[in-house]
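The values are calculated or read from the model by the stated rules, or taken from the named source; none is laboratory data. If you're wondering where the values come from, they're calculated on a predicted model, not measured in any experiment. All Cβ positions, even for glycine, are placed from backbone atoms using ideal geometry, and neighbour counts span all protein chains on display. Side chains are part of the model used for accessible areas, which takes the heavy atoms of the whole protein and leaves out ligands, DNA and RNA. Shrake-Rupley method; radii C 1.70, N 1.55, O 1.52, S 1.80 Å.
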Amino acid sequence: MALVEMTEAIREFLDAGGRAALILLDLSVAFDPVPQQQLEVNEFLQKIHFKTPAGAEFGFNDNGEVPALYDVLSWDFFPNGTISRGQVGTFDQSAPPGHQLFINESTLIWHFNGSQNGSVIASLPQMPRSACTESCLPGYRKAPIEGRPICCFECLPCAEGEFSNSTDMENCVRCPEDQWPIDRKDGCIKKATVYLSYGDFLGAVLASVSIVLSISTAGVLGIFLRYRETPIVKANNKDLSYALLISLLLAFLTSLLFIGRPALLTCLIQQAAFGIIFTFAVSCILVKTITVVIAFNAIKPGSRLSRWLGSQVSAAMVLVCTLGAVVICLTWLLTCPPHPATDTQSEIGKVILQCDNGSVIAFYGILAYMGLLAFASFTVAFLARNLPDRFNEAKLITFSMLVFCSVWVSFLPAYLSTKGRYMVAVENFAILASSAGLLGCIFIPKCYIILFRPDINKRCI
């Protein structure tokens, strides 16, 4: 068959509306097995381009192939057994990308309610679903089900700290550090800012206890000053008793620095003040205990220990012991000082304002130094508890240091197991409890004798 004759045959067939016969053109290269002639046919076919009387364009691509042109049909099966077929769209491969498929949605019937009196009643158009699961609402995420098609999934709530604000989200989004999801987890709100404040029940209780104990300490100091010439006050160096009472008063007031909104100044002061004041108090107790031992041995004939009983010597010993804490705290403040910080992880939905200790080594170093002095005081007091001295307070010091050491030994695991503002409350409680132990065990029995048993205060016991 000549090429011209084949072209005319194609044109005539298309004019007659034989669109389906286009598939025969793909076999046109098979009429002659000679490769050279196949190339000539392809080159000729690439030049063919015309319109049919129906308005459809016809042509071949670079490979000598006819672009696909299909009708999209819809087959409707009715409850009464009838079948309806109609064209609802077309697919034209020669059209620009994105416009090759055309569907006339107004001609689609997606759902039927059934038949009534032999007639078919169509419902409103309803788009068919390609999923076997309802859409996941905001606050949930889609999770695939193993072994099921991809259109089947389950809706899981977003994890803590995450949210989803649109339908069918595959992954939840984490809120910013200073925000937290609302209850529905479809949005975020700003976290509440909290700290150990005077308005909280816990902060109010600790502050009230601190004030009451401060007033009590001031009262004890006033009693000792009022009865300073009595034997029980003079015993075991009354100046050290005054210094110890003043340090306990300051310790109670120091606990107030841990309550309230953290600021740079309070963060710098609170730990240094706590360490130095407590070290000073324990040093006073240690020197008082040593004074008991020296006083007992100084009464022996030929003893030279009496020169160590002066107030200047006692003051020097207290200052030397306290100097160690001062060096640690100064190094702490100069190298890695405490500073205000925020904690967004300890409590859900809250930003905790607190003081970061800065150097953990310095913090535990001052505790270790204070503990060393306390242990030395306990050891010396325990060994001197039975010395036959007038108003011997070694037994009182022994019991007071036992309480003091027990509080701070219990403080460590409690402090390490808490977070946020409760960590501050634990340290505050330890300060109040240990100071109250020293005040109650050493001075309350003496105040009882001064106020209620003056007969004992006037004689040797």
Identity of the residue in the stretch 355-372, touching a helix residue (DSSP H, G or I) at 6+ places or on another chain (Cβ under 6 Å) and open to solvent by 20 Å² or more (accessible area, probe 1.4 Å), that ends up nearest to residue 287 (Cα to Cα): 369
Selection status of residue 267, open to solvent by less than 50 Å² (accessible area, probe 1.4 Å) and within 20 Å of the chain's Cα centre (by Cα): no
Qualifying residue in the stretch 411-424 (condition: open to solvent by 60 Å² or more (accessible area, probe 1.4 Å), of a type in the set (Phe, Trp, Tyr) and under 28 Å from the mean Cα position of the chain (by Cα)): yes
Helices (runs of 4 or more DSSP H) (entirely within the stretch 371-461) containing at least 1 residues that are over 21 Å from residue 220 (Cβ atoms): 394-416, 421-438
Residue within the stretch 237-244 that is surrounded by fewer than 19 Cβ atoms within 10 Å (Cβ to Cβ), of a type in the set (Asp, Glu) and outside any helix (DSSP H, G or I) present: no
Scope the stretch 155-175; condition part of a strand (DSSP E or B) and either open to solvent by 90 Å² or more (accessible area, probe 1.4 Å) or more than 15 Å from residue 186 (Cβ to Cβ) (or both); matching residues: 174
Count of the stretch 410-455 residues which are over 22 Å from residue 282 (Cα atoms), aliphatic (A, V, I, L, M) and in contact (Cβ under 8 Å) with a residue 60 or more places away in the chain: 6
Which numbered condition residue 197 misses (of (1) in a loop (DSSP other than H, G, I, E, B); (2) hydroxyl-bearing (Ser, Thr, Tyr); (3) open to solvent by 50 Å² or more (accessible area, probe 1.4 Å)): (3)
Strands (runs of 3 or more DSSP E) enclosed by the stretch 62-129 - at least 1 residues per element that are modelled with pLDDT under 75: 69-77, 112-116, 119-122
Pairs with Cβ under 8 Å, 6+ apart, first in the stretch 349-360 and touching a residue at least 24 places away in the same chain (Cβ under 8 Å), second of a type in the set (Lys, Arg) and crowded, with 19+ Cβ neighbours inside 10 Å: 349/191; 350/191; 351/191; 352/421; 354/421
Among (1) part of a helix (DSSP H, G or I); (2) in contact with a helix residue (DSSP H, G or I) (Cβ under 8 Å, 6 or more places away or on another chain); (3) of a type in the set (Val, Ile, Thr) - the single one residue 352 does not satisfy: (1)
Residue that is farthest from residue 353 (Cα to Cα), among those in the stretch 176-194 that are open to solvent by 50 Å² or more (accessible area, probe 1.4 Å) and assigned to a loop (DSSP other than H, G, I, E, B): 184
Filtered residue count, the stretch 133-154, keeping only those that are open to solvent by less than 50 Å² (accessible area, probe 1.4 Å) and modelled with pLDDT of 85 or more: 4
Long-range neighbours under 7 Å by Cβ, at least six apart or interchain, first residue on the phi < 0 side of the Ramachandran plot and assigned to a strand (DSSP E or B) within the stretch 130-145, second acidic (Asp, Glu) and at pLDDT 75 or above: 141/170; 142/168; 142/170; 143/154
